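The block underneath contains the structure these notes are about, expressed in C-alpha cells.
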Amino acid sequence: MGNGYVASAIVAVTLITVGIGFYGLRLARTTSDFLVASRAVSPTWNAAAIGGEYLSAASFLGVAGLILKHGVDVLWYPVGFAAGYLALLLFVAAPLRRSGAFTLPDFCELRLGSRRLRTLATAFVIFIGWLYLVPQLQGAGLTMATLTGSPYPLGALLVAAVVTANVALGGMRAITFVQAFQYWLKLTALAIPAIFLVLQWQADARPAVTPPEGPTFRTATTVVVEHPATLALPDGQLRQVRPGDELTFAAGQPVPDVAGVATDPADWLLPGTEADDQGLFTTYSLILATFLGTMGLPHVLARFYTNPDGAAARRTTLVVLALVGAFYLLPTVYGALGRIYTPHLLLTGETDAVVLLLPGAALGTGTTGRLLAALVAAGAFAAFLSTSSGLLTSVAGVISTDVLGRGSVRGFRLATVLAGSVPTVFALNVSGLEVSQVVGLAFAVAASSFCPLLVLGIWWRGLTARGAAVGVLVGGGAAAGAVLVTVLGPPLAGWPAALLAQPAAWTVPLAFTVMVAVSTATRRSVPTDVGATMLRLHTPEALRP
Amino acid sequence: MVAADDRVSARTRIVLADVVRRESDSEHPRTELAEQTRVGAALVRGLVRAQLSLALRLWLVVAVGLGGLPWLFAIAPSVSRVTVLGVHLPWVLLGVLPFPFLVLVGWAYVRLAERNEQDFTDLIQRPER
C-alpha cells in the first residue's frame, strides 16, 4: 500500500484509547468503580459505549465483505445483529438490571440459589468470551498485514497488549469512555468515506452495480491468488489456480467466475428464488441465532449493570438500537460499490478487506483517497480494540469473582492478564479459522444456552436450578458440537450440512423444551423465595421497601 | 396497539383492585408487597403478566413483519423484481427499512411498559381508604 497515513491513524487510535483509559484511571478508585463504573454512567454515554463495544470486526469489516460476495441474502446478518437488541429490550433489559446482579453467574445464583449452576454459567461465559476474542485478535493481525505489510503476529499482539493493559489499569469506568469514543469513531470512519464514494460513483456516471454481463475490471489489474480455487474464464475454459499465481486483466475485461461466489448478477441481486426448503431453513436459523444470541453474549450483558435503574436500562437499550441500526445502513453501500471498484477481491477471496481497500480503489491514490483509507483503518482498529476490551472486562470479571474468589482490584488485574493471555496464545497459533464462522458459533451457542436461561428465569416462576443446568448443557452443547463438526469435521452435503452449519433453529427450541420439561419434573425444588425474586425483578425501584 | 394495551391494563387494574378489596380491607398494598402476602403476590403476578403479554405482542409484530419476508420472497419471486427509485425491493426491505421499524417497535415498548409500571405504582400508592 505504501500509505503513511494508515500507520499514523492506527497509532493515533491506540494512543487516544490509552489516553482516555488513563483519564478514567484517575476516577477509578474502588472495586465498584472497576466492575460497574459505580452504576453512575448516563444513558447516552452508556448507549454509545454499548454500541461501541458491540460493533466488532465482524460488523465493521465482515458484513460488507459478505454483501460483496453473496449479495442480498446476507443482509439478514445486520438486520439480526440489530434486532438482537430489540429482543434484549423486550425480554431482558429492565428485569436484569433490577436483579442487581454484577455478572451472568451472579444472576443464576440470585434467581435459583445454586452454586453448581453458577459454576456452569461461569464456564460458559469464559468459553463464549474466549471464542469471540480469538477472531478479534486474528482480524487485527490480518488488517495490519494487509495495510502496512507488517508480520501477522504484530497486529494481534499489539491489540492484545493495549487492551489488557487498559482494562487492567482502568477497569470499566475507563472502558465506558473509551467505548463511547470508539462508537462515534467507527460511525464516522464508515460514513464519511461512504459519502465520498457515492459522490465518486455519481461523478463516474453511475456505473451499474450489476451489469448484465457480470462484474468487470474498471482498470488494468494484477491479482495475486491467496487461496486455491477453480476459475471459469469467459471463453468457457476452467482453470485451477494456486496461491502465489499472478493473473493480469485488462480494463473492461469481465471477472472470471469463482466457485462458491455469486458472480451471476441475478443470484447476487435477488433473494434465493429456488424455493428450496434448505435455503429457507438456513435463513430462518440465522435469523433465530442473531435475534436471540445477542442477549446471551457476556460482554453485552455486563453493560446493563452500569445503568442506574431498570427504566434507564430500557431507555439505554432503545438508544443502542437506534445507534446500531444507523451504523448498519452503511456496510451495504461498501458491499454494493465493491462490485464496481474492487471486483478483484471476488477473485482473491479476501472480500473482508473491501472496507479497507475501497476508498483507495475508487478515489485513487491522491491525498483524499489516502486520508479516507487511513480513516477506515482507524475505524477497523477501533472495532478490534473496543470489542476485545468489553469481552476481556466481562471474562476477567467472572474469573476474578468466581475462579480466583476475590473481589479486590488486585484480583481483577490478575484475572485480566489471565483472561487476555489465553486467547492471545490461540490467536498466534491458530490462523485457519474464519472470523464469520467463529462469530456465528458464538451467537448460536449463546442463543441456545443463556437466552433460554434468561428468558425463563425472568418470566417463569417454575424454573428450577436442575432444569436450567440441563437445558444449558443440552442446548449449548448441541450448538457448540454442531458448529465444531462443521468447522473441523468432514465435508457434508444436503440436510445434514444445513442442520449443522446453522443449528439455532433446532438447538434453541431444544434448550427451551429441555429446560421446561426438567423444571416441571423437579418442580419441588422451585426456590422458596421465587415470589420475592419476581417482586424485585419486575417492580419499579421506587416501590422498594 | 394502544387501544389493545388500554384494554389490558384496565382489566388488570380491576382484577387486582377486586382482590385487594376482598381479602384485605385494612392493609395497605405497599406493606402487602413487602411482606409477600397472597395479595402482594397476586399484585406482582398481574404486573408480570401484563409486561410479558406486552413484550410477546410486540415480538409477534416483529416476527410477522420481518420473519415473513423470506417466505414472501420464496413464494412470490415477482415481488423481488419490483424496483423503487432504481433499487430492487428486497434491498430496500432488508437493507434500509428494518432499522427504523425496529426502533419504532422499541420506542412503543418503552412507552407502554413504563405505562404498565405507572399503573402498578398508582395502585400500590393509593391513599388509604
Going by what's in this entry, would A:G349 be described as of a type outside the set (D, E, K, R), on the phi > 0 side of the Ramachandran plot, out of contact with any Cys (no Cβ under 7 Å at 6 or more places or on another chain) and touching a residue at least 40 places away in the same chain (Cβ under 8 Å)? yes
Here are some residues: A:A353, A:A336, A:A326. Which one is at the interface with chain B (Cβ under 9 Å from one of its Cβ atoms), among the small types (G, A, S) and within 20 Å of the chain's Cα centre (by Cα)? A:A326
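Listed here are the residues, each with its yes/no results for (1) among the hydrophobic types (A, V, I, L, M, F, W, C); (2) surrounded by 16 or more Cβ atoms within 10 Å (Cβ to Cβ); (3) touching a strand residue (DSSP E or B) at 6+ places or on another chain (Cβ under 8 Å); (4) modelled with pLDDT of 70 or more.
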| site | (1), (2), (3), (4) |
| --- | --- |
| A:T188 | no, no, no, yes |
| A:A194 | yes, yes, no, yes |
| A:V198 | yes, no, no, yes |
| A:A205 | yes, no, no, yes |
| A:A208 | yes, no, no, yes |
| A:P212 | no, no, no, no |
| A:T230 | no, no, yes, yes |
Residue under question is A:P343, and the condition is that it be surrounded by 22 or more Cβ atoms within 10 Å (Cβ to Cβ), more than 23 Å from A:V178 (Cβ to Cβ) and at pLDDT below 85; does it hold? yes
Residue under evaluation A:P331, criteria (1) surrounded by 24 or more Cβ atoms within 10 Å (Cβ to Cβ); (2) more than 19 Å from the chain's Cα centre (by Cα); (3) at the interface with another protein chain (Cβ under 10 Å from one of its Cβ atoms), criterion not met: (2)
The range B:41-65: number of residues that are within 24 Å of A:L280 (Cβ to Cβ) and at the interface with chain A (Cβ under 7 Å from one of its Cβ atoms): 2
Listed residues A:L358, A:L371; which is surrounded by fewer than 21 Cβ atoms within 10 Å (Cβ to Cβ), modelled with pLDDT of 85 or more and assigned by TED's automatic domain parsing to the domain that holds A:I67? A:L371
Sole miss for A:H299 among (1) closer than 26 Å to A:A48 by Cβ; (2) touching a Phe, Trp or Tyr at 6+ places or on another chain (Cβ under 8 Å); (3) at pLDDT 85 or above is condition (3)
Within the range A:254-296, restricting to residues that are at pLDDT 80 or above and of a type in the set (V, I, T), the one that is nearest to B:G67 (Cα to Cα) is A:I287
Top-ranked residue in the range A:51-80 [being within 24 Å of B:P70 (Cβ to Cβ) and among the aromatic types (F, W, Y); ranked as nearest to the other protein chains (Cβ to nearest Cβ)]: A:W76
Scanning the range B:82-99 for residues that are within 7 Å of chain A (Cβ to nearest Cβ) and out of contact with any Phe, Trp or Tyr (no Cβ under 8 Å at 6 or more places or on another chain), which turns out farthest from A:A322 (Cα to Cα)? B:H88
Checking A:L321, A:L301, A:L288 in turn, the sole residue that is buried (at least 23 other Cβ atoms within 10 Å of the Cβ), within 17 Å of the chain's Cα centre (by Cα) and either at the interface with another protein chain (Cβ under 9 Å from one of its Cβ atoms) or of a type in the set (G, A, S) (or both) turns out to be A:L321
Which numbered condition A:P491 misses (of (1) modelled with pLDDT of 85 or more; (2) more than 14 Å from chain B (Cβ to nearest Cβ)): (1)
Please give the number of the condition A:M534 fails out of (1) of a type outside the set (S, T, N, Q); (2) within 14 Å of another protein chain (Cβ to nearest Cβ); (3) farther than 20 Å from A:E109 by Cα. (3)
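Every residue, every condition in (1) of a type in the set (S, T, Y); (2) without any contact (Cβ under 8 Å) to a residue 12 or more places away in the chain; (3) more than 22 Å from A:V425 (Cα to Cα), yes or no:
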| site | (1), (2), (3) |
| --- | --- |
| A:S150 | yes, yes, no |
| A:V162 | no, no, no |
| A:T188 | yes, no, yes |
| A:A191 | no, no, yes |
Against the condition under 30 Å from A:L169 (Cα atoms) and in a helix (DSSP H, G or I), how does A:G390 come out, does it pass? yes
Within the range A:432-543, which helices (runs of 4 or more DSSP H) (wholly inside it) include 3 or more residues that are buried (at least 20 other Cβ atoms within 10 Å of the Cβ)? A:435-459, A:465-488, A:504-521, A:530-538
Any residue in the range A:309-317 that is in the same structural domain as A:F102 (by TED's automatic domain parsing) and over 19 Å from A:T44 (Cα atoms)? no
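The values are calculated or read from the model by the stated rules, or taken from the named source; none is laboratory data. No experiment lies behind these values; they were computed from the predicted model shown. Please note: Cβ atoms are built from the backbone with ideal geometry, for glycine as well, and neighbour counts cover all protein chains shown.
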